[in-house]
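The values are calculated or read from the model by the stated rules, or taken from the named source; none is laboratory data. None of the values given here were measured: they were computed from a predicted structure. So basically every Cβ, Gly included, is an ideal-geometry build from the backbone, and we count neighbours across all protein chains shown. Ligands, DNA and RNA are stripped out before the accessible areas are found, and what is left, the full protein with its side chains, is counted by its heavy atoms. Shrake-Rupley method; radii C 1.70, N 1.55, O 1.52, S 1.80 Å.
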Amino acid sequence: MIDLKTQYHHLKESIDNRIQTVLNHGQFILGPEVFELEEHLAEYVGVKHAITCANGTDALQLCLMALGIKPGDAVFCPTFTFVATAEAISLVGAKPVFVDSDLSTYNICTIDLEKKISSILSKNQLVPKAIIAVDLFGLPANYPELQKVADKYSLNLIEDAAQSFGGVIDSHYAGSFGDLATTSFFPAKPLGCYGDGGAVFTDNDEYAHSIKSLRVHGKGKDKYDNIRIGMNSRLDTIQAAILLEKLKVFPQELKNRNIVAEVYTSRLKDKYLTPHTPDGYKSSWAQYTLQDANRDEVMSKLESHNIPSMVYYKNCLHQQPVFIDMKLQGGNFHIAKQLTKQVFSLPIHPYISSSQQDNITQLLIDL
Ligand SMILES: *Cc1c(COP(=O)(O)O)cnc(C)c1O
């Protein structure tokens with residue numbers, strides 16, 4: 001789906017050199033590359049603080065800890081997302097309250113969100129505290145609308161930008177929305193390293209200060225001065241070194257991804273429900289995801305020609321065994337369930353050749 005080997009082939013010399021520099025200086029934890037990367041990330045995203053950590057799941061947990069989210073609190077998130085979004089909520093002892101999706105953008109439905117907030121308020125058992133919106137497949141969620149809902153109910157808003165680094169709404173980059181935002185550098189994400197990695201973004205000095213402490217065992221002056229319960233969640237210096245080189249080519253890679261997405265959409269839109277990008281929005285195309293009622297047939301045809309395709313996601317989170325017992329989960333999640341039955345994703349990456357694109361689209365058209 002994502003050709004990491006070809007990318008490495010293109011960047012081999014610069015990445016190898018950067019790694020060698022780290023091996024030479026030997027500061028493997030919080031070395032100079034980590035802070036250099038954080039500066040570049042903050043500049044790219046357009047926020048005051050970028051704080052790297054061990055992975056995108058920890059990034060979410062660090063945000064929830066910085067906000068003081070605790071048992072008895074409700075945090076709203078989409079049911080159609082990767083499990084980590086809700087897992088982080090459970091890890092701090094709060095309850096995830098699932099919300100249905102929007103059929104055309106695949107992102108959290110703001111109308112259902114308000115319904116779920118009202119329902120939690122009327123039951124009077126949990127305290128609504130925050131919303132985690134996800135920029136699914138690379139497309140930023142509807143933050144202008146989400147911020148209004150968050151303000152109306154005095155909730156914190158967190159952007160899970162694990163899939164959307166490089167995405168845009170009206171010249172504002174993914175990672176800059178809400179009170180805090182997170183991303184992941186898992187190898188298959190738009191900006192990936194060669195292992196696990198993640199980051200938190202915020203303009204808020206107080207949250208940034210807490211997160212820098214939380215990622216090093218709740219340190220005060222240093223890690224032997226412990227003022228809160230924290231985590232051990234740092235980005236390895238070697239991973240930061242790799243990301244510094246990858247970030248340099250990222251703008252060009254993003255352009256290439258967008259070109260591939262345009263080719264797919266222009267050729268496939270008459271036959272399939274192609275992804276919708278609202279006016280003023282840009283996706284980072286972590287996935288190129290179509291909908292079709294005969295998805296399984298289409299995917300097996302692709303497979304018979306050795307073309308990979310994947311379903312993200314076959315199940316909603318409210319249907320997963322780990323969350324199914326939660327008696328809170330009222331509602332029908334009509335749209336999210338329909339999405340789990342119809343979506344499938346095509347290979348997309350910056351180095352996909354035009355003959356590969358021709359091959360894929362021709363097969364899909366001939367079906
Ligand atoms: C990948 C992902 C995460 C978690 O990131 P990791 O680095 O794998 O921990 C969180 N949320 C979403 C939506 C993701 O796709």
query = Just for region 77-104: of the residues that are more than 10 Å from the ligand (Cβ to nearest atom), more than 13 Å from PHE333 (Cβ to Cβ) and not hydroxyl-bearing (Ser, Thr, Tyr), which one is surrounded by the fewest Cβ atoms within 10 Å (Cβ to Cβ)?
reply = GLY93
request  = Evaluate the following for ALA54: is it within 9 Å of the ligand (Cβ to nearest atom), small (Gly, Ala, Ser), surrounded by 24 or more Cβ atoms within 10 Å (Cβ to Cβ) and within 15 Å of GLY198 (Cβ to Cβ)?
outcome  = no
remark   = Filter region 145-159 for residues that are open to solvent by 10 Å² or more (accessible area, probe 1.4 Å) and touching an Asp or Glu at 6+ places or on another chain (Cβ under 9 Å); the one that is farthest from the ligand (Cβ to nearest atom) is LYS152
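Being in a strand (DSSP E or B) and buried (at least 21 other Cβ atoms within 10 Å of the Cβ) is the filter here, so list the residues in region 170-182 that pass it.
Matches in region 170-182: TYR173, LEU180, ALA181, THR182.
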inquiry  = Could you check region 95-129 and list, in sequence order, the residues that are charged (D, E, K, R) and part of a strand (DSSP E or B)?
reply    = LYS95, LYS129
message = Condition first: in contact (Cβ under 8 Å) with a residue 12 or more places away in the chain, away from the ligand (no atom under 12 Å from the Cβ) and either of a type in the set (S, T, N, Q) or closer than 20 Å to GLY93 by Cβ (or both). Now tell me which residues in region 124-144 satisfy that.
response = LEU126, VAL127, PRO128, LYS129, ALA130, ILE131, ASN142
ask   = Out of ILE259, ILE238, which single residue is touching a Cys at 6+ places or on another chain (Cβ under 9 Å), assigned to a helix (DSSP H, G or I) and hydrophobic (A, V, I, L, M, F, W, C)?
value = ILE238
request  = Consider only pairs whose beta carbons are under 6 Å apart and that are at least six residues apart or on different chains; among these, list those whose first residue lies in region 237-252 and is over 18 Å from ALA54 (Cα atoms) and whose second residue is of a type in the set (Lys, Arg).
outcome  = GLU245/ARG18
ask   = On the given criteria, is LYS314 over 27 Å from the mean Cα position of the chain (by Cα) and either more than 27 Å from LEU126 (Cβ to Cβ) or of a type in the set (Val, Ile, Thr) (or both)?
value = no
inquiry  = Where the second residue is surrounded by 23 or more Cβ atoms within 10 Å (Cβ to Cβ) and acidic (Asp, Glu) and the first is over 13 Å from THR202 (Cα atoms) and lies in region 49-76, which pairs have Cβ atoms under 9 Å and are six or more apart or on separate chains?
reply    = GLY56/ASP160
query = Looking at region 160-173, which of its residues are within 12 Å of the ligand (Cβ to nearest atom) and aliphatic (A, V, I, L, M)?
reply = ALA161, ALA162
remark   = Counting only residues that are more than 16 Å from the ligand (Cβ to nearest atom), touching a residue at least 60 places away in the same chain (Cβ under 8 Å) and small (Gly, Ala, Ser), region 174-214 contains a total of 3
query = From the set of residues in region 135-160 that are touching a helix residue (DSSP H, G or I) at 6+ places or on another chain (Cβ under 9 Å) and in a helix (DSSP H, G or I), which is nearest to PRO78 (Cα to Cα)?
reply = LEU146
ask   = What number of residues within region 117-144 are open to solvent by less than 60 Å² (accessible area, probe 1.4 Å) and closer than 30 Å to LYS255 by Cα?
value = 11
